[in-house]
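Undergrad: Here's a structure for you.
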Amino acid sequence: MRRTLIAIILCWLTVYIHAFTLLPPDGAATKAVYNYGDTLLFFDGNPELKTSDGRNVDWYLTTDTLNPLQTNSAEILSLSSGDGVAVRDAGRWIVRYVYNYNAVAPVIDSMTVIYHCDNTIFEIPAAGTNHASAVLYYDLDGMENSYSLVGTLKFNNLEWSTDKWDTIQTTKSIRLSALPYSLYADKIYTPSPSVSFEYDTVGAALLGSPRTPIVIYETNSPMAVTNHATSVTTIRTATNEVERPETSEAISGSAPLSILFKANPTPLADFYSWRIYKGNQLLASRVDENHRFEFVENGNYRVVSTVRNLICPCDEINNPNSGCKPDSTEILVTVSTSMLLVPNVFTPNGDGTNDEFRVLHRSLREFHCEIYNRWGKLVYRWDDPNRGWDGTINGRPAAEGAYFYVIRALGTDATEGYTSRAKYKKAKESGDAVGVYQLSGDINLLRGNK
């Protein structure tokens, strides 16, 4: 029973000790902030404090804990902005640092934004005369400490997201103790960036509605431009074409690749430039915002998109020594070498599998195929490598058996036209018959069961 009673008393004393604190008078407009474990109280007017439970105490300044500033009182009224107030309670010091906010509130009445083609500079001047951007106080050890009021710089910019430019807001907290302050930021592309510097947030919280933080606006217009080039490739569906573009996002594969390029400029762009290179060779130049190009030769290509305006006239093409390079984006396109493979059997029985005699091909720019029967009679011919022979002659099913094909084709990588059969064979054996196909052979037509 005795132990229980002692435990209850100790618990009560602990709650009592920790419940005791120093408070502003009732109804006082204040704002408490915390700085590395220290409690700072900002007052709308002269600082005053009282004990939380009405007890009388001796009041000290943190700069002199030997000589009380006031004794045996539940409140203290004669405080100055910046005082550190200390009260001894149950063997520990309770400390509050107090300020008249109007005496330390910063006064900032301007902001400068300098827009360049390559960056943006935000300049915020120092706080006005007799107003601090950082408040100072001395702790019980006589060490000087500081708390920096904070301002918030806000501005809108554009950011590419999937398929369009989205408006995003950039926010940066700036310690007012660092003023004057210059922030070097990236280019701003939006015509209305809504640049603002907001401060006095402590005062706004202190005085409450209808007071709001002081906001300084900058209304000058940016000048920078950029783009995000994209491409839309024409899709092909023939299943016997290898590496065909099956999606509009494809930028490599079998020729020809027909691609629509879009500049997707930011709003301030006035001029557009497209340059298409194969290696170091410039193949084409365009000045439209969007353009279509067909890649018909194998190889690697660079498609370079650049945007400019009158304010930022960087032009590395016409003035390469200007030292000014505009934003540009590149799209790399790869066109495959040609290929042609011929099957030796097909089964036109209507089961949906191997019902046509079709070649397997890639990057062909010309194709001719003829089918002959065993007596040398021409029974079918076609010029589209995506098509084939369905095993009919004049609309009627052809007889099963062996047929003979003759194919002449040119790949997009061909360096010469057709040759004689003997010359082609010799060139093929030497490895010189690049992209030239003069093929012949047997094809077996088998119907079997459906």
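Residue-by-condition table, conditions (1) assigned by TED's automatic domain parsing to the domain that holds TYR138; (2) more than 21 Å from ASP139 (Cβ to Cβ); (3) surrounded by fewer than 12 Cβ atoms within 10 Å (Cβ to Cβ); (4) at pLDDT 95 or above:
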{"position": "LEU5", "(1), (2), (3), (4)": "no, yes, yes, no"}
{"position": "LEU10", "(1), (2), (3), (4)": "no, yes, yes, no"}
{"position": "LYS31", "(1), (2), (3), (4)": "no, no, no, no"}
{"position": "SER52", "(1), (2), (3), (4)": "no, yes, no, no"}
{"position": "TYR60", "(1), (2), (3), (4)": "no, no, no, yes"}
{"position": "LEU77", "(1), (2), (3), (4)": "no, yes, no, no"}
{"position": "GLY84", "(1), (2), (3), (4)": "no, no, no, yes"}
{"position": "GLY91", "(1), (2), (3), (4)": "no, no, yes, no"}
{"position": "TYR97", "(1), (2), (3), (4)": "no, no, no, yes"}
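Undergrad: When you look at TYR189, is it aromatic (Phe, Trp, Tyr) and either under 23 Å from PRO265 (Cα atoms) or modelled with pLDDT under 85 (or both), yes or no? Walk me through how you get there before you give the answer.
TA: On the way: aromatic (Phe, Trp, Tyr): yes; either under 23 Å from PRO265 (Cα atoms) or modelled with pLDDT under 85 (or both): yes.
Yes; evaluated as a whole, the condition is true for this residue.
Undergrad: Can you tell which of PRO47, PRO106 is assigned to a loop (DSSP other than H, G, I, E, B), touching a helix residue (DSSP H, G or I) at 6+ places or on another chain (Cβ under 6 Å) and more than 30 Å from THR226 (Cβ to Cβ)?
TA: Result of the check over PRO47, PRO106: PRO106.
Undergrad: Wholly within the range 331-450, which strands (runs of 3 or more DSSP E) include no fewer than the required count, namely at least 3 residues that are in contact (Cβ under 8 Å) with a residue 40 or more places away in the chain? Reasoning before the result, please.
TA: Values: elements: 339-341, 360-362, 364-372, 378-382, 401-411, 436-445.
Output list reads 360-362, 364-372, 401-411, 436-445.
Undergrad: Still on this structure: Of the residues that sit in the range 169-181 and are part of a strand (DSSP E or B) and out of contact with any Ser or Thr (no Cβ under 9 Å at 6 or more places or on another chain), which one is surrounded by the most Cβ atoms within 10 Å (Cβ to Cβ)?
TA: Keep residues of the range 169-181 that are part of a strand (DSSP E or B), which gives 169-175, 181.
If we keep only those that are out of contact with any Ser or Thr (no Cβ under 9 Å at 6 or more places or on another chain) as well, we get 170, 181.
On the way: THR170: 15, TYR181: 19.
Here the residue is TYR181.
Undergrad: Does ILE276 meet the test of being modelled with pLDDT of 95 or more, over 30 Å from PHE357 (Cβ atoms), surrounded by 18 or more Cβ atoms within 10 Å (Cβ to Cβ) and touching a Pro at 6+ places or on another chain (Cβ under 9 Å)?
TA: no
Undergrad: Which one is nearest to GLU297 (Cα to Cα), of the residues in the range 431-450 that are under 52 Å from the mean Cα position of the chain (by Cα) and loosely packed, with under 14 Cβ neighbours inside 10 Å?
TA: Out of the qualifying residues, it is ASP432.
Undergrad: Scan the range 269-281 and tell me whether some residue there is in the same structural domain as VAL296 (by TED's automatic domain parsing), without any contact (Cβ under 8 Å) to a residue 12 or more places away in the chain and within 30 Å of ASP413 (Cα to Cα).
TA: Yes, the range 269-281 has at least one match.
The values are calculated or read from the model by the stated rules, or taken from the named source; none is laboratory data. Computed from a predicted structure; not experimentally measured. Virtual Cβ from ideal backbone geometry, glycine too; neighbours counted across all protein chains shown.
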